[in-house]
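Scroll down for the structure; my scribbles are underneath it.
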Amino acid sequence: MKTEAITVNIGPQHPSTHGVFRLRVTFDGEVIQDVEAVFGYLHRGSEKLAEERTYTQVITLTDRLDYVASMTNNQAYVLACENLMDIEVPERGQYLRMIAAELQRIASHFVATGFLLQDLGAMATPLMYGFRERERILDMFEMLCGARITNTYMRIGGVFQDAPEEFWGSLRSFLDGMPGFLDEFDSLLRGNEILLARTKDIGVLEASEAINCSVTGPVLRSTGVAWDLRKVDPYELYPRIKFDIPIGTNGDNYDRFVIRLAEIRQSISIIDQCYEQIEAGPVRSTNELLFYPKTGDAYGKVEAPKGELGFYLVSDGGIAPYRCKIRSPSLINLTMIKDLLIGSKLSDMIVTLGSIDINMGEVDR
Amino acid sequence: MTYGLGLFKGMLVTLRNFFRPVVTVQYPDRRVGIFYLAKKANISVIRFLLESPRESVKSLLGLVRVPVYVEQNPRFRGEEFTWYEDRCTGCASCAKYCPLGIIRIETHESGEYLQEGQSYFVDTFDIDIGRCMFCGICVEACPYDALFMGTGFERGRYQRSELVIPIEELKAASKRPSTWFRPQLESQKFDPWKSEADWETVGREAYKWHPKRPAQSGNPNQEDQVKE
Amino acid sequence: MSGSFLESNVIFQEIYCVLAGSKYAGESCSAQGLLPVGYDWIGFFIAGFAIMFILANAFMLGAAVFVYSERRLLGKFQLRTGPNRVGPFGLLQPIADILKLLMKEDIVPNGADKPVHTLAPIVMLAPAILVTAVIPFGSGYFLTDLNVGLLYIVAVSGMITIAIFMAGWSCNNRYALFGSMRGVAQLISYELPMVFSMVGILILTGSLSLIDVVNAQDIPFILVQPMAFVIFLIGTSAELNRTPFDIVEAESEIIAGYHTEYSGIKFALFQAAEMGSILVSGAVVATLFLKGWEGPFLPGPIWFLIKVYGFVFLMIWVRATLPRLRVDQVMGFAWKFLLPLSLVNIFVTGASVFILGDMENGVRVLDSVDLLLVGAINLLSLIACLVLAGFFMKTKASGGRSREILVSEFDPAGREVLT
Ligand code: SF4
Ligand code: SF4
């Protein structure tokens, strides 16, 4: 019987490409023969725009990179600026940043797992449960900085303002309620036979391959490599915090899913410790909005929810960066998509894409 | 382990959530039933039915709406900036620091008050809300506490040009400033959702230090001189 | 026509009685008929069509109610409100939806096979409505009592496969093609275990007529045939393209499957057919396993509705919880698990009836205790099968233990891998 491969455009408008992302896939029946990833539909030229904004103004651009994790984007950028200008940050400011970043990690992982399960066909229920908790985080962000998604919370030299009183109360109640919710979330789907059948041993990534592709974040850790910038190359006050790095053994979709849930638990314990350790004091070392750094360059990096997020800034002594390079984890994690997908089925492709957790705002920048 | 046990555990979780209260809030209004109306009138449902049959039928048909009002945090960065004409010196720091350059300020010299150079009369103060991203850097940059983030979030318009807030509108708007980046408002426990704030109370310091203090009280500089 | 048919069918009898009068309709009808003598066949047709009219409209109304209840209940499961704007509690939402769909442009894609494209929704809707013909809604409420009722249901609902294939193939869209290919494979696979699961009931009742099946249920067959019930439930949810078997229209994978390219009234017909078939399947489940219309206190049709909506709630609940299977897993589940299970069910039921039943006039008759015993044996073998399956699955999945490992301190071994 003569058969013919068919080529399908998955995207740019497709329910589960997580943004405007296009995959040109050649199918043999349901089996994928070839994948060509096409992105750039959401390109806004953030790097170029940064060159004509002052250092403070660029913070607003970073909000829009990975729009489900604005806080960590802010953090990576201001860390780069502080490295560039040798600015010290007061301890309270650092703690506030860590709390915000970990809250953001929880929120981002809820979105990631929620959409992964949505891609698996769980009809948005886990997504809604995750969003219910994420909503509480966003409410806390609103207390912190008046905005929920595009925070612009951090400033060079600290955070823009101290947290209000009511923030600590709601943070406490959030932290207390979270483990119970996570247990419920676990029992909702983690032992589910269908989920296991759909995710175990699917989209397997080898550790060596992951490292060769410079994959970072939960995707790398799922392959069994304990690489977490918060431990490996600590920034802020992470050395004072005790936490574990969850790693997987197989590097399959299930590991990536489970690791995110485990990381949420770790983040809760990190916030808990920050909550215990934080003391009164200034939150910002400089109130300047204009900076004239020395000529030179600097790199700032954080462990963003999706992997290593880095900002490389080159200064020529002016008020704006001469060059701003963004190392976005989503883009680099996406580069090995072809190796993961070829040979798998259409349904698995969607799940694998969801488990990598890309964000097109960050991929296209 | 029996095959299928995980499925049932998950089903039980969803069933438990089925009986939990709904978390979503309806906006801008919600439909209320007869029970709500009776409870609001503080009478039993049957009495309500007898007393106001028209309302009852309407509510049973789902025609009675009550507006839903969710309080935002006082720090909420919203649209329609609160701008105090009396505090603004026309320095245009806000315009300069805005990442998008969407604030347009035109001034002319007043020559009335002498303070660190000159104070200006502001002729034009346009904010193009359609492009604004509510980052608040303009508010942070304002050295005289004249510009505040607003608290509104309902500004759907049919044309982009209608999204430019002109100075007249800024002047006329009710003064409900967000407490964002204004610790002095926060320490007053000011809540923009409950009360308005006039220009004398919103400053970082006592208003008498402000260059545009009302004329009858005299110029702060002069006052200082008098004291000396 | 046959007297027994007229006597047992209440609605038919009422209408026919008024039209044809006592001369034709029997002694219980005293009045003179409206129709002249010799034209009673018109009354016969009108009575039949009246019931059909009621059924078809009930089907559409049921579909609308189902759409509403599904959206509301799903919302509740997901801590949302669901539609509540149109009319009281949003009850008029389906009407608004239908109006919207009616007013939409009917798009036929370029390169589509137009006649087939147009025909597909009708072919989809017709069998779903046809199935209602044999279902007894109450004692004496039915259109017809076929003596091959079960077979008729299976045969007619099998036609849906053709509609799905027509829709997917005709509209020149690759997502639709994927959906229809999946649909054909899936529906054919699940037909088999579903039909086999009915065999146990046939053994117990000895009749294919649905009314006989209901009358034979001294104890609801869900207690006597739990294994068949489970198989039938899974089979129907696969036949209806509901989660976890909704690969045919997996919205996160192939947009909407076979009806990706449909809009307007054609789309509405597809939706009506799908939603209505769920109700019809609920009716079949209620008839086969839940004692049909029978129940204490309340009248028959109301009990019937309660049972149908119990099934509907279960379907919505499952949809709110479970993820979907992959295509090959769906097929594997049907052929490797359900089909053997249904064969086990036939064997177990047959054997227990053979052993427990007492010969009476060449038929084996079981009393209530015997039936419960059959049920217990059935349940035990179901659990045994599930445990066995769980054992196989466990050994098959690699590892099987919890895989997340926590690394407390930065591990130099990790760095070793890196260099
Ligand atoms: S909020 Fe930001 S974008 Fe809007 S006017 Fe102020 S500085 Fe410009
Ligand atoms: S609002 Fe503030 S920053 Fe802007 S011109 Fe007036 S005083 Fe200057």
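Just to confirm, what accessible area per residue do you get for region B:37-114 at 1.4 Å probe, in whole Å²?
57 Å²
Can you give the accessible area of B:GLU80 in Å² (nearest 10), computed on protein heavy atoms with a 1.4 Å probe?
Rounded to the nearest 10, the figure is 50 Å².
With point charges of +1 on the Cβ of Lys and Arg and -1 on the Cβ of Asp and Glu, referenced to the Cα centre of the protein assembly as shown, which listed residue (C:PRO109, C:ALA163, A:GLY45) lies farthest in the positive direction of the dipole?
C:ALA163
Choose one answer from C:GLY149, C:GLY75, C:GLY87: the residue with the largest mean-square fluctuation in a GNM of chain C with alpha-carbon springs under 10 Å.
Fluctuation is largest for C:GLY87.
Once R0 is set to 22 Å, what does the formula 1/(1 + (r/R0)^6) return for the Cβ-Cβ distance between A:MET1 and A:THR26, expressed as a FRET efficiency to the nearest 0.05?
The pair A:MET1/A:THR26 has a calculated efficiency of 0.70.
Solvent-accessible area of A:LYS200, probe 1.4 Å, all protein chains present, reported in Å² to the nearest ten, please.
30 Å²
Suppose every K and R has +1 on its Cβ and every D and E has -1 on its Cβ; what is the size of the dipole of the protein assembly as shown about the Cα centre, in Debye to the nearest 20?
Rounded to the nearest 20 debye, it is 1060 debye.
Go ahead and set up a Gaussian network model of chain C, Cα springs under 10 Å, then flag whichever of C:ALA120, C:ALA334, C:ALA112 fluctuates most.
Comparing C:ALA120, C:ALA334, C:ALA112 in the GNM, the peak value goes to C:ALA112.
Give me the 1.4 Å probe accessible area per residue for chain C, excluding ligands and nucleic acids, in Å².
On a per-residue basis, chain C sits at 44 Å².
³J(HN,Hα) across region B:55-66 via Karplus (A = 6.51, B = -1.76, C = 1.60, θ = phi - 60°), whole Hz, x for Gly/Pro?
Result, rounded to whole Hz: 4, 4, 4, 4, 5, 5, 7, x, 9, 8, 10, 10.
Just to be sure I understand the model, the point goes 7 Å from the Cα along the line to the Cβ. What's the resulting C:ASN172 to C:GLU105 distance in nm?
Output for this residue pair reads 1.6 nm.
For every helix of n ≥ 4 consecutive DSSP H residues, a contribution of -39,500 (n - 2.57) applies; sum these over the protein assembly as shown, divide by its total residues, and give [θ] at 222 nm rounded to the nearest 500 deg cm²/dmol.
That calculation yields -16000 deg cm²/dmol at 222 nm.
Suppose a student asked you for the relative contact order of region B:24-133, using Cα pairs under 8 Å spaced at least 6 residues apart; what percent would you report?
20 percent
Please name whichever of C:SER252, C:GLY87, C:GLY62 sits farthest to the positive end of the charge dipole of chain C, dipole taken about the Cα centre and charges placed at Cβ: Lys and Arg +1, Asp and Glu -1.
The Cα lying farthest towards the positive end belongs to C:SER252.
Determine the gain in length on full extension of the stretch B:SER52-B:TYR36; use 0.36 nm per residue of separation and subtract their C-alpha separation, reporting nm with one decimal.
4.4 nm
Taking accessible area as the heavy-atom solvent-accessible surface of the protein chains with a 1.4 Å probe, which residues of region A:14-49 lose no less than 30 Å² upon going from the isolated chain to the full protein assembly?
Going by heavy-atom accessible area, the residues of region A:14-49 that drop by at least 30 Å² are A:HIS14, A:PRO15, A:GLU30.
Output the relative contact order of chain C, whole-number percent, from Cα pairs under 8 angstrom with separation of 6+ residues.
Reported as a whole number, the value is 17 percent.
Check which residues have an amide H placed less than 5 Å from A:ARG327's amide H, if you skip close sequence neighbours.
Amide H to amide H, under 5 Å and 5 or more residues apart or across chains, A:ARG327 pairs with A:GLY310, A:PHE311, A:TYR312.
Could you tell me which of rounded, prolate or oblate describes region C:254-374, using a ≥ b ≥ c as the square roots of the eigenvalues of the alpha-carbon gyration tensor, with rounded for a/c under 1.5 and, failing that, prolate when a/b is larger than b/c and oblate otherwise?
The shape class here is oblate.
Quick check: net charge around C:SER197, other residues with Cβ under 15 Å of its Cβ, Lys/Arg +1 and Asp/Glu -1?
Charge balance in the 15 Å sphere: -2.
So how much slack lies between A:SER269 and A:VAL232, counting 0.36 nm per residue of separation and subtracting their Cα-Cα distance, in nm?
Once the chain is fully extended between A:SER269 and A:VAL232, it gains 11.5 nm.
Once you order the gyration tensor axes a ≥ b ≥ c over the Cα atoms, which shape class does the protein assembly as shown get: rounded for a/c under 1.5, otherwise prolate or oblate by comparing a/b with b/c?
Taking the square roots of the gyration eigenvalues as a ≥ b ≥ c, the protein assembly as shown is prolate.
Using a 1.4 angstrom probe on protein heavy atoms only, which residues from region A:197-216 are buried by at least 20 Å² of accessible area when all chains are present rather than their own chain alone?
Hits at the 20 Å² cut-off: A:ALA197, A:ARG198, A:LYS200, A:ASP201, A:ILE211.
Please report the net charge: other residues with Cβ closer than 11 Å to the Cβ of B:ASP29, K and R +1, D and E -1.
Local charge sum for B:ASP29: +4.
If ligands, DNA and RNA are left out, what is the accessible area of C:VAL344 with a 1.4 Å probe, given in Å² to the nearest 10?
50 Å²
Quick one: which residues, 5+ away or cross-chain, put their amide H under 5 Å from the amide H of A:ILE245? H built at 1.01 Å from N.
It is C:VAL407, C:SER408, by chain and number.
I need the phi-derived Karplus couplings for region A:245-257: 6.51 cos²θ - 1.76 cosθ + 1.60, θ = phi - 60°, integer Hz, Gly and Pro marked x.
With the stated coefficients, region A:245-257 comes to 9, x, 10, x, 10, 10, x, 9, 4, 5, 4, 5, 5 Hz.
For B:GLN184 and A:ARG172, what does the FRET efficiency come to when R0 = 25 Å and r is the distance between their Cβ atoms, rounded to the nearest 0.05?
0.40
Rounded to the nearest 0.05, what FRET efficiency is calculated for C:ALA155 and B:LEU61 with R0 set to 56 Å and r the Cβ-Cβ distance?
In this case the efficiency is close to 0.80.
Need one number: nm distance between label points at B:VAL164 and B:VAL70, each 7 Å from Cα along Cα→Cβ, rounded to one decimal.
Label-label distance for B:VAL164 and B:VAL70, simple model: 3.3 nm.
Any idea what the dipole of region A:221-359 comes to, in debye rounded to 20, about its Cα centre with Lys/Arg Cβ at +1 and Asp/Glu Cβ at -1?
240 debye
Let me check against my output: what whole-number percent is the relative contact order of region A:15-122, with C-alpha pairs under 8 Å and at least 6 apart?
Reported as a whole number, the value is 18 percent.
Under the classification rounded if a/c is under 1.5, otherwise prolate if a/b is larger than b/c and oblate if not, where does region C:121-176 fall, given a ≥ b ≥ c as square roots of the Cα gyration tensor eigenvalues?
prolate
Would you kindly derive the ³J(HN,Hα) couplings of region C:110-123 from the backbone phi angles with the Karplus curve 6.51 cos²θ - 1.76 cosθ + 1.60 (θ = phi - 60°), listing them in order in whole Hz, with x for Gly and Pro?
Ordered by residue, 3J(HN,Hα) equals 4, x, 7, 7, 4, x, 5, 4, 6, 6, 4, x, 6, 4 Hz.
Skipping prolines and chain starts, which residues have an amide H placed within reach, meaning under 5 Å, of the one on A:PHE27, given they are 5 or more residues away or on another chain?
A:ILE6, A:THR7, A:VAL8, A:GLN33
Mind giving me the nanometre distance, one decimal, between the label points for B:GLU154 and A:ALA320, set 7 Å out from Cα along Cα→Cβ?
3.9 nm
Note the full-extension length gain between C:ALA50 and C:ALA126 as 0.36 nm times their separation in residues minus their Cα-Cα distance, in nm to one decimal.
25.6 nm
When the solvent-accessible surface of protein heavy atoms is calculated with a 1.4 angstrom probe, in what order do B:LYS189, C:LYS266 fall, highest first?
Sorted by accessible area, descending: B:LYS189, C:LYS266.
Net charge near A:LEU289, counting Lys/Arg +1 and Asp/Glu -1 over other residues with Cβ under 14 Å of its Cβ?
+2
The values are calculated or read from the model by the stated rules, or taken from the named source; none is laboratory data. These numbers come from a predicted model, not from an experiment. Cβ sites come from the backbone with ideal geometry, for glycine too, and all protein chains shown count toward neighbours. Only protein heavy atoms, including side chains, enter the accessible area calculation; ligands, DNA and RNA are left aside. Shrake-Rupley method; radii C 1.70, N 1.55, O 1.52, S 1.80 Å.
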